Amino acid sequence: MGECKANLKAWYTAERAFFYEKERYSTSVAEIGFRPERGNRYLYLDDVRVAFTDRSTEKDVGTPRDTGFQPDLYKFGPDVGIPIRDLPSRLAGGVPLGMKGKCPDCEITALCMGQLDKDPTYDLWSISTEKRIAPDGAEIPEGQPYLEINDVQD
């Protein structure tokens with residue numbers, strides 16, 4: 001969980017810095033300078049147009065249009081992979097994954113998702129540039145990682 005929360009906060013900081021300079025957000029992880037370290041167990045994504053930097057080999061293989069990063073399949077193997085069909089399009093507060101609105105009056109939301117054990121449930125976190133409301137009615141401040149689904153419950 002620590003990996004996911006730290007990387008989502010880094011993504012948020014990169015997006016906000018980019019916005020202050022360009023008056024827009026970007027779904028390109030390369031453009032905003034977000035790059036989680038290798039050895040990541042989580043998938044990171046900030047757009048429904050899925051384009052991952054491939055981490056199934058020793059070196060990253062990506063493009064400037066990539067909207068996220070695969071888990072490090074080279075280190076952990078295919079069991080940590082997330083099938084695209086399992087990615088949610090809406091997150092806490094009904095907020096869509098990715099860009100919402102026209103900039104500069106826009107918002108962006110990202111997720112991280114991981115398979116930490118071998119059951120069918122994924123660990124799922126989200127973060128957004130907008131305030132959201134959790135299913136229990138609590139406010140989720142902008143820039144605050146939110147645990148959507150806990151895969152590893154005690």
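Please treat every number below as a calculation from the coordinates, not as lab data. Please read all numbers here as calculations on a predicted model, not as lab measurements. Please note: Cβ atoms are built from the backbone with ideal geometry, for glycine as well, and neighbour counts cover all protein chains shown.
Structure above, values below:
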{"read-out": "Those residues of the range 1-40 whose amide nitrogen sits under 15 Å from the label point placed on T121, 7 Å along Cα→Cβ", "value": "1"}
{"read-out": "Local electrostatic count, A110, Cβ distance below 9 Å [Lys/Arg +1, Asp/Glu -1]", "value": "-3"}
{"read-out": "Computed FRET value (nearest 0.05) for E31 with M1, which takes r as the C-beta separation and R₀ as 35 Å", "value": "0.80"}
{"read-out": "Neighbour-limited loop hits for trypsin sites (Lys or Arg not before Pro), the range 102-154 (at most 15 other Cβ within 10 Å; DSSP other than H, G, I, E, B)", "value": "K118, K131"}
{"read-out": "Neighbourhood charge, 9 Å Cβ-Cβ cut-off, centred on E139 and excluding it, Lys, Arg +1 and Asp, Glu -1", "value": "+2"}
{"read-out": "Euclidean distance between Cα centres, the range 130-150 to the range 1-51, Å", "value": "18 Å"}
{"read-out": "Neighbour-count ranking [beta-carbon atoms within 10 angstrom, fewest first] of M1, M113", "value": "M1, M113"}
{"read-out": "Virtual spin-label span in nm between Y74 and L147, 7 Å along Cα→Cβ", "value": "3.2 nm"}
{"read-out": "With eigenvalues of the C-alpha gyration tensor scaled by 5 and rooted, the chain, Å", "value": "23, 20, 12"}
{"read-out": "T13 versus A138: modelled label distance in nm, points set 7 Å from Cα along the beta carbon direction", "value": "2.4 nm"}
{"read-out": "Count of Lys pairs (Cα-Cα under 15 Å; at least 8 positions apart or interchain) in the range 2-149", "value": "4"}
